[in-house]
1. Enter the Cα centre distance for the pair the range 8-28 and the range 112-188, rounded to the nearest angstrom.
2. Can you give me the angle between helix 3-61 and the longest principal axis of the chain, using Cα atoms only, in degrees from 0 to 90, rounded to the nearest 10?
3. Might you work out the accessible area of Leu85 for me, using a 1.4 Å probe with all protein chains in place, and round it to the nearest 10 Å²?
4. What is the angle, in °, between the Cα long axis of helix 66-88 and the longest principal axis of the Cα atoms in the chain? Nearest 10 is fine, range 0 to 90.
5. Please work out which option in [x] 1.05; [y] 0.96; [z] 1.23 gives Rg/Rh (Cα atoms, Kirkwood Rh) calculated from these coordinates, and answer with its label.
6. In degrees, nearest 10, range 0 to 90: what is the angle between the Cα axis of helix 127-162 and the longest Cα principal axis of the chain?
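The values are calculated or read from the model by the stated rules, or taken from the named source; none is laboratory data. Keep in mind the model is a prediction, meaning the values are calculated, not measured. Calculation scope for accessible area: heavy atoms of the full protein, side chains included, ligands and nucleic acids excluded. Shrake-Rupley method; radii C 1.70, N 1.55, O 1.52, S 1.80 Å.
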Amino acid sequence: MSATQIISCLVLAVLVFWAVGAYNRLVALRNAIGQAFIPVDTHLKRRHELIPQLADAARALAPNDADTLSAASAASAQAHAALELARVTPCASGPVSSLSMAEHVLDTTRARMLDALEASPELAADTALRDAAAELNATENRLAYARQVFNEAVATYNLAVRQFPTRLLSSLYGFGVAAPLHSTPPAAI
């Protein structure tokens with residue numbers, strides 16, 4: 001074996017080991033996104049349960065706000081459906097972007113519902129509704145933290161996918177860019 005062949009074999013071996021290491025790193029980072037999505041999923045499910053419960057309880061006391069309360073329940077159902085899709089592939093940008101948009105609609109209707117609850121003296125005086133609203137607020141705080149952890153995992157993964165020379169492997173093996181979970185809708189470009 002000549003020196004050129006030995007050097008060629010060594011270079012090829014280094015490239016193979018690098019490719020395996022880069023692939024394994026991308027897989028680990030993609031799995032980290034999936035793990036970071038678990039608490040987001042848990043808190044979103046809880047939120048999607050609390051909002052309709054709160055709306056149903058308030059509907060009995062405030063029939064004048066039935067449209068607002070129904071809109072909140074419908075937005076919660078829509079966000080829950082988007083969550084079901086995102087749960088399957090939390091690394092795919094399409095389902096997560098859809099979830100972000102559905103959650104934005106839910107945030108808007110939730111804010112209107114809470115404003116209606118605060119404006120009504122009968123509803124503001126009801127301790128069960130106040131407790132449910134406080135539980136919803138606590139869930140929102142936990143969700144904000146879980147969303148931040150998820151978005152950090154997404155940012156780390158996206159950085160690895162976009163870096164050269166890993167970018168060559170990421171496109172070859174189908175590692176696409178993941179979407180963060182926005183608390184507000186992403187700005188149009």
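1. 35 Å
2. That works out to roughly 0 degrees.
3. Taking all protein chains as shown, Leu85 has close to 120 Å².
4. 20 degrees
5. For Rg/Rh (Cα atoms, Kirkwood Rh), the calculated option is [z].
6. Tilt of helix 127-162: around 20 degrees.
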